[in-house]
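Single-structure report; data block below.
Nothing in this text is a laboratory measurement; each read-out follows from the coordinates by a stated rule. These numbers come from a predicted model, not from an experiment. Because the Cβ atoms are built from the backbone with ideal geometry, glycine has one as well, and the counts that use them run over all protein chains shown.
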Amino acid sequence: MTLDSELSLQATTRDSTLTIGVFDGVHRGHQHLISRTIDEAKRTGRQAGVVTFSNHPKDVLFPGSEVVWLMDLEERVKLIKETGADFVAPVTFDKDVSLMPAEQFLAKLVDKLKMKQLVVGPDFVLGHDRDGSLGTLPGIGERLGFDFESVESLAAGDVPVRSTVVRGLVADGFVDVAAHMLGRHFFVKGEVVIGERRGRTIGFPTANLSPPSNIAVPGFGIYATWAHTESGKYMASTSIGVRPTFEGEGRTIEAYLLDFDDDLYGQTIRLEFVDRLRGEKKFDGIESLVAQIGRDVEQTRELLGSQ
């Protein structure tokens with residue numbers, strides 16, 4: 001089920017209840033909204049569909065802005081499907097779409113996806129000049145023949161669960177708090193590339209991860225992580241930073257996999273960040289660095305083993 005940039009939709013054969021959004025991170029707030037959409041679809045005997053965007057609208061609306069994603073489109077679609085939605089329809093948000101009035105966009109969904117109900121969050125807006133708002137959408141629904149419902153947002157304590165909040169937590173290293181909002185551990189996926197190979201000279205060979213430049217990465221520090229490789233899942237002590245003891249330049253993501261001895265070069269692996277152990281630190285020499293890494297590894301083993 002796809003939409004291209006002209007909104008030339010692949011038609012469905014059954015009526016649907018839809019929700020629309022970017023859904024970056026597919027966090028608990030998104031899950032709450034999609035779950036409501038699924039419940040409404042089941043109640044009325046319809047399909048539950050999620051219309052998302054393959055790129056971020058900011059790319060078009062604010063050219064030159066740097067959009068940092070919590071995950072790529074493939075992972076986003078996969079996680080949305082795991083919520084139980086019957087289909088996911090990615091839309092390419094281009095200039096033509098940005099100039100499309102909300103009613104015209106929604107008419108396409110009614111025509112091709114047989115939308116009979118639209119379920120959205122409390123801050124939802126759609127269309128050129130934001131003409132599709134909570135105030136105007138009920139009227140558009142009456143004209144086009146679909147029901148409309150707005151769902152209250154989910155909060156973690158007094159903090160609303162939003163992608164921007166999760167990004168901030170990840171950037172500050174609070175991966176444990178981010179996990180509470182996501183409903184799972186935050187992860188980074190990337191190819192293992194050849195680094196400076198210093199780790200193997202001090203007894204801790206690491207996998208150097210190279211994720212896409214537009215994907216969020218936790219702040220500098222040492223983390224207890226799970227590494228998912230082609231051969232299985234391993235505990236890993238992961239360092240993110242500039243290697244100050246070696247006067248390093250440029251950020252690196254280096255994972256030391258516990259109880260693992262194999263070649264990972266060229267593999268795409270996923271690191272799940274469970275907790276931050278400490279901040280990055282410059283040591284007086286190699287011996288003190290090695291001693292601290294040993295403590296980091298044991299702390300990682302203890303923390304992840306308790307799970």
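Would you mind checking the radius of gyration and Dmax of the chain based on alpha-carbon positions, in Å?
For the chain, the Cα radius of gyration and maximum Cα-Cα distance read 22.4, 73 Å.
Can you give the Rg to Rh ratio of segment 11-118, both from alpha-carbon atoms, with Rh computed by the Kirkwood formula?
My calculation puts Rg/Rh at 0.97.
Check which residues have an amide H placed less than 5 Å from residue 206's amide H, if you skip close sequence neighbours.
199, 200
Calculate, for residue 74 and residue 233, the FRET efficiency according to 1/(1 + (r/R0)^6) with r their C-beta to C-beta distance and R0 22 Å; round to the nearest 0.05.
According to the calculation, E is roughly 0.65.
Using only the Cα atoms of segment 204-287, what are the Rg and Dmax in Å?
12.8, 37
Tell me, what is the percent relative contact order of segment 83-146, built from C-alpha pairs under 8 Å that lie six or more residues apart?
Relative contact order, segment 83-146: 35 percent.
Given labels modelled 7 Å from the Cα in the Cβ direction, how far is it in nm from residue 43 to residue 133?
Between residue 43 and residue 133, the simple spin-label model gives 2.7 nm.
How do the peptides 208-215, 151-158, 265-272 rank, highest first, by the average count of neighbouring beta carbon atoms within 10 Å per residue? Please list the in-between numbers first.
Working: 208-215: 15.2, 151-158: 12.2, 265-272: 16.9.
In decreasing order of mean packing, 208-215, 151-158, 265-272 become 265-272, 208-215, 151-158.
Work out from phi, with θ = phi - 60° and the Karplus expression 6.51 cos²θ - 1.76 cosθ + 1.60, the ³J(HN,Hα) of each residue of segment 40-55, listed in order in whole Hz, and give x for Gly and Pro.
Couplings: 5, 5, 5, 4, 9, x, 10, 7, 9, x, 10, 9, 10, 10, 6, 10 Hz.
Given that compact globular proteins tend to follow 2.2 N^0.38 Å, what is the ratio of the alpha-carbon Rg of segment 136-190 to that value?
Values: Rg = 16.9 Å, N = 55, 2.2 N^0.38 = 10.1 Å.
Here the answer is 1.68, to two decimals.
Which values, in whole Å and largest first, are the semi-axes of the equivalent ellipsoid of segment 107-163 obtained as the square root of 5 times each eigenvalue of the Cα gyration tensor?
Over the Cα atoms of segment 107-163, the semi-axes work out to 25, 12, 10 Å.
When only alpha-carbon atoms are used, what values of Rg and Dmax, in angstrom, describe segment 109-245?
Expressed in Å, the Cα Rg and Dmax of segment 109-245 come to 22.0, 70.
Might you report the magnitude of the Cβ-based charge dipole of the chain about its Cα centre, with Lys and Arg at +1 and Asp and Glu at -1, to the nearest 20 debye? Before the final figure, lay out the partial values.
Values: 34 positive and 45 negative charges, 88 e Å.
Magnitude of the dipole: close to 420 debye.
Name all residues of segment 85-116 having a backbone nitrogen under 14 Å from the label point set 7 Å from the Cα of residue 147 along its Cα→Cβ direction, giving them as ranges.
The answer is 115-116.
Report the FRET efficiency, 1/(1 + (r/R0)^6), for residue 251 and residue 281, where r is their Cβ-Cβ distance and R0 is 25 Å, rounded to 0.05. Can you show the working numbers first?
Details: r = 16 Å, r/R0 = 0.63.
For residue 251 and residue 281, the calculated efficiency is 0.95.
Relative contact order for segment 130-199 using alpha-carbon pairs under 8 Å, separation at least 6, rounded to a whole percent? Intermediate results must be reported in sequence, preceding the final value.
Numbers: 28 pairs, mean separation 10.2, N = 70.
For segment 130-199, the relative contact order is 15 percent.
Give the long-range amide H neighbours of residue 267: residues separated by 5 or more places, or on another chain, with amide H under 5 Å away, using H modelled in the peptide plane at 1.01 Å from N.
192
Suppose a student asked you for the relative contact order of the chain, using Cα pairs under 8 Å spaced at least 6 residues apart; what percent would you report? Write out the running numbers ahead of the final one.
Numbers: 595 pairs, mean separation 49.6, N = 307.
Over the chain, the number comes to 16 percent.
For the chain, what is the percent of antiparallel DSSP beta bridges, rounded to the nearest 5?
Numbers: 36 of 54 bridges.
So the antiparallel bridges in the chain amount to around 65 percent.
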